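Notes follow once the structure below has been shown.
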There are 2 protein chains.
Amino acid sequence: MLDQRLRLLLETIRRLIRREAKGNLSNLLRKIHPADIAHLIKYLSSAEGKWMFNLIENPHSAATVLREVEQETQISLLEGLDEVRTSQVLQEMPADDAADIIGGMTEEKADKVLQLMQRKESKEVEDLLSYEEDTAGRIMTPHYFALHEDVTAREAITKLQEAAEAEMVFYIYVVDNRQHLVGIVSLRKLIITYAATPLKNIMVSDIISVHTYTAQEDAAKRVAKYNLLAIPVVDEQNKMAGIITVDDVIDVIREEATEDIYKMAGTSGEELLEKSAWKIAGIRMPWLFITLLGTFISGSILKYHSATLKDVISVVFFLPLVMALGGNVGNQSQTIIVRGLATGRIDPLAVGKIIFRQIKVGLIMGLLAGVLVGFGISFFSFSKAMGFAVGFSIFISIAISAIVGTVTPLLFRKMNIDPAVAAGPFITNFNDVFGILFYLGFVTAMMKYLV
Amino acid sequence: MLDQRLRLLLETIRRLIRREAKGNLSNLLRKIHPADIAHLIKYLSSAEGKWMFNLIENPHSAATVLREVEQETQISLLEGLDEVRTSQVLQEMPADDAADIIGGMTEEKADKVLQLMQRKESKEVEDLLSYEEDTAGRIMTPHYFALHEDVTAREAITKLQEAAEAEMVFYIYVVDNRQHLVGIVSLRKLIITYAATPLKNIMVSDIISVHTYTAQEDAAKRVAKYNLLAIPVVDEQNKMAGIITVDDVIDVIREEATEDIYKMAGTSGEELLEKSAWKIAGIRMPWLFITLLGTFISGSILKYHSATLKDVISVVFFLPLVMALGGNVGNQSQTIIVRGLATGRIDPLAVGKIIFRQIKVGLIMGLLAGVLVGFGISFFSFSKAMGFAVGFSIFISIAISAIVGTVTPLLFRKMNIDPAVAAGPFITNFNDVFGILFYLGFVTAMMKYLV
């Protein structure tokens, strides 16, 4: 949403774009916070966005805008720049963000852009690209501030004053002669320390760090757990390789949550980067096939019970009821477990209480819904036997759905299969099939009371 | 999950608890990071957890443990403490976290605890409690570090050295004579500045702030957008009231994502705080009732078409197919939109392209599934007419589900109804009902080709 100020800005920008007033727009852009420019670009057409992005003179501002927009927009904005300008903008970005963008280019273009970038910056980007995707190594910045343990507080302050590059300094990392990370000093501690004290006397030596190959998600969880502003990343020899700052952690946490939500619904975050509707359909297709398989089984069960259906057609009327109620409860239980596992709220080693509680919830809901529906059917002119058959089937199908919805994600997790991906389609289809199977079997068994 | 180190610790702790070795355990706890203690508590029974929590001598450590555990565990751990100890622990917590806990106590207990707390701390908590839940005011800390604009850099450093309280100082907030926030100076800027320069000459005066009544979610989004470490909170007169630090922002972002995921599945984050299975069932019931209503309509449609069903019983076999496929695609589209709105990736004012793309995806998936199923049915011994009827119904129901799944959350948002809550049950049930309605209508219309 836009507040008053941004709405006015947007109107002005649109007017200037219509008039093609390059000079005026360029001046205006200089006065707007890059994060706001990034926000406003959403409201422009892709052609307008490109045109405006070209008018941001300061490559550092352009880089900040680029960091803040969605990946889809990044690609579109960069299309409008030649390779020289692209390299100018990218070398103003933190190396991890630049690596992210260059990693998505064709090899040919990536090579050209890297060649055009300044030696130091392109080296940094290439270093990051050597780590696997989704590892801590890939999002760390090499611009941390490390000093030897014998340096004094006063010297440290002087060095800090000389260091133009280390823009986001929160901590001073203390290393020994072999560049091993041995301690951490906060800026505040540095300021309040007597000038001649060496860092090794004021540093915290209980270091919380991650490895270059640690998963980004785990690095983010650690930063959140210990309330850090940045976490050091070390290599196999415990030598410092970089740091991950809290702003990147926020992005990781958000992305992970979004990915999980999409996976549970049978699609993926990639969908948002995809412009082609055909490719999106491709991403979603696997789930559709699993559903086809499930409904094929359900259909076969119905076919098997044709005689029952023909004899008592009202059995069909309650089919959606049995399917939908079980599906509901199964989905609720599954969601609680999958998200709980992802946030760490549910620990896969301490789940006894949670399983027990979810099963109890399933039994209660099954009982309530079953009794309600059973009496409802008996009351509204259908037979009492039918009320009992449907009510009892609902009870069983809700209870089983709750159990399956609870246990399946935990089992998948134990088998090291991502529960967010696997549990959804499996549980939904299993519950549909089971519900129909039980309902029709039970009704058929009760046939003599129904006709 | 536990790494090697934590697993060993857990074993030792369990052994000490079994032996009731108070002294040893208390010593051990002194050496473990409170965030790790919080993590380990998950693996203990609630009685063991309480017993151990009582052995943490340092009230500041106990406070940190309490901040890191889930709310459910917080309540259980506090049950084990008397009011004096409770007040000692709570006054070591940041006021916002203490307010959160005290806000959940009975009024009687809250009064007692507040009385036992030191005057200054209890005042802070009471101040925070005067703001609405979920507002920025409720999670801000009053321990920011503000100085007058005429103070010099050197004086600022001296004051900082004296300030024991402001533990998480990232920025120095600069105020005028009337306590209005007029600028911000980063610690790093302060360190590299010449000693006699007044703050007003080095401060950034473009301030990004929020109001005490701003929603926590919006405050968190702003911190993420501008990559801040803390955001100042001002009152109606633009006077500083507190700051929100990035560690609280991470919690808010996580909580919001979790809440959204649960709401979409028809339950709520409250479920996790609830131990009673009956109450959890109560939280989930509304969705079940909406589903009951939906399936009542579906059942009525089926009843209306009894004649068709009796004549061509194979129509029933494909009922799960039509329902499930439409439900799938509707759910996918809905998820993309609801989460996109929540993260700001989708802007409610610029949705043309997205709607269009989702509809295209729906048409493609409908076409593929419809053709596949249609031919499948024709091939496997059922009639060609039946293949056409089912295939075409699937095409229509998938396409409509995609449209409804895309447009409904946007409409709810426009009406200021939370799309995560309202869209799920509405869309699921609408799509089920519509699928059955179209399928049976179409089949009945085609009756003469089917028998």
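For this structure, a couple of remarks:
- A:ALA156 touching a residue at least 24 places away in the same chain (Cβ under 8 Å) and under 30 Å from A:PRO425 (Cβ atoms): no
- Single unsatisfied condition, B:LEU349 versus (1) more than 7 Å from chain A (Cβ to nearest Cβ); (2) of a type outside the set (Ser, Thr, Tyr); (3) within 30 Å of A:GLU72 (Cβ to Cβ): (1)
Yes/no per residue for (1) closer than 30 Å to A:ALA220 by Cα; (2) in the same structural domain as B:ILE427 (by TED's automatic domain parsing); (3) touching a Gly at 6+ places or on another chain (Cβ under 8 Å):
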site	(1), (2), (3)
B:THR245	yes, no, no
B:TYR262	yes, no, yes
B:MET285	no, yes, no
B:PHE318	no, yes, yes
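- Among (1) closer than 21 Å to B:LEU302 by Cα; (2) in contact (Cβ under 8 Å) with a residue 12 or more places away in the chain; (3) surrounded by fewer than 24 Cβ atoms within 10 Å (Cβ to Cβ); (4) more than 9 Å from every other protein chain (Cβ to nearest Cβ), the one test that A:ILE394 misses: (3)
- Subset of the range B:259-317 that is over 24 Å from B:GLY441 (Cβ atoms) and among the aromatic types (Phe, Trp, Tyr) - its residue that is farthest from the other protein chains (Cβ to nearest Cβ): B:PHE289
- Residue in the range B:38-46 that is within 20 Å of B:ARG5 (Cβ to Cβ) and among the aromatic types (Phe, Trp, Tyr) present: yes
- Any chance B:TYR144 is within 14 Å of chain A (Cβ to nearest Cβ), under 26 Å from B:GLU121 (Cβ atoms) and touching a strand residue (DSSP E or B) at 6+ places or on another chain (Cβ under 8 Å): yes
- For the range A:434-443, residues that are under 16 Å from B:PHE318 (Cα atoms) and buried (at least 21 other Cβ atoms within 10 Å of the Cβ) total 3.
- Hits in the range B:226-255 (condition: in contact with a His (Cβ under 9 Å, 6 or more places away or on another chain) and under 24 Å from A:VAL65 (Cα atoms)): B:TYR226
- Residue within the range A:186-198 that is within 30 Å of A:ALA342 (Cα to Cα) and free of Cβ contacts under 8 Å to residues at least 60 places away in the same chain present: no
- Of the candidates A:ASN201, A:ASN177, A:ASN227, the single residue that is out of contact with any Leu (no Cβ under 7 Å at 6 or more places or on another chain) and at pLDDT below 85 is A:ASN227.
- For the condition facing chain A (nearest Cβ under 7 Å) and either closer than 22 Å to A:GLU274 by Cβ or of a type in the set (Gly, Ala, Ser) (or both), B:LYS360 qualifies.
- B:ILE354 meets the conditions (1) within 30 Å of B:ALA385 (Cβ to Cβ); (2) more than 9 Å from chain A (Cβ to nearest Cβ); (3) surrounded by 19 or more Cβ atoms within 10 Å (Cβ to Cβ) in every case but one. The failed one is (1).
- When A:ASP247, A:ASP218 are checked against the criterion of being part of a helix (DSSP H, G or I) and either buried (at least 22 other Cβ atoms within 10 Å of the Cβ) or more than 8 Å from chain B (Cβ to nearest Cβ) (or both), A:ASP218 stands alone in meeting it.
- Within the range A:187-207, one or more residues are of a type in the set (Val, Ile, Thr), in a loop (DSSP other than H, G, I, E, B) and touching an Asp or Glu at 6+ places or on another chain (Cβ under 9 Å).
- One residue from A:ALA307, A:ALA281, A:ALA324, A:ALA277 being of a type outside the set (S, T, N, Q), more than 30 Å from B:ARG254 (Cβ to Cβ) and either outside the structural domain of A:GLY370 (by TED's automatic domain parsing) or at pLDDT below 85 (or both): A:ALA277
- Just so you know, in the range B:404-433 the residues that are over 24 Å from A:LEU321 (Cα atoms) and touching a residue at least 60 places away in the same chain (Cβ under 8 Å) include one that is surrounded by the fewest Cβ atoms within 10 Å (Cβ to Cβ), and it is B:LYS414.
- Those helices (runs of 4 or more DSSP H) of the range B:277-377 in which at least 2 residues are within 18 Å of B:ILE400 (Cα to Cα) and in contact (Cβ under 8 Å) with a residue 24 or more places away in the chain, considering only elements entirely within it, cover B:277-304, B:319-343.
- Only one of A:ASP432, A:ASP418 that is out of contact with any Cys (no Cβ under 6 Å at 6 or more places or on another chain), closer than 26 Å to A:PHE296 by Cβ, charged (D, E, K, R) and facing chain B (nearest Cβ under 10 Å): A:ASP432
- In summary, A:VAL371 fulfils each of the numbered conditions (1) modelled with pLDDT under 90; (2) farther than 19 Å from A:ASN431 by Cβ with the single exception of condition (1).
Yes/no matrix, rows are residues, columns are (1) part of a loop (DSSP other than H, G, I, E, B); (2) closer than 30 Å to A:THR86 by Cβ; (3) of a type in the set (Gly, Ala, Ser):
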position: A:LYS123; (1), (2), (3): no, yes, no
position: A:GLY137; (1), (2), (3): no, yes, yes
position: A:ARG154; (1), (2), (3): no, no, no
position: A:LEU160; (1), (2), (3): no, no, no
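The values are calculated or read from the model by the stated rules, or taken from the named source; none is laboratory data. Predicted, not measured: the structure shown is a model, and the values here were computed from it. Cβ coordinates were reconstructed from backbone atoms using ideal geometry, including for glycine residues, and neighbour counts include every protein chain displayed.
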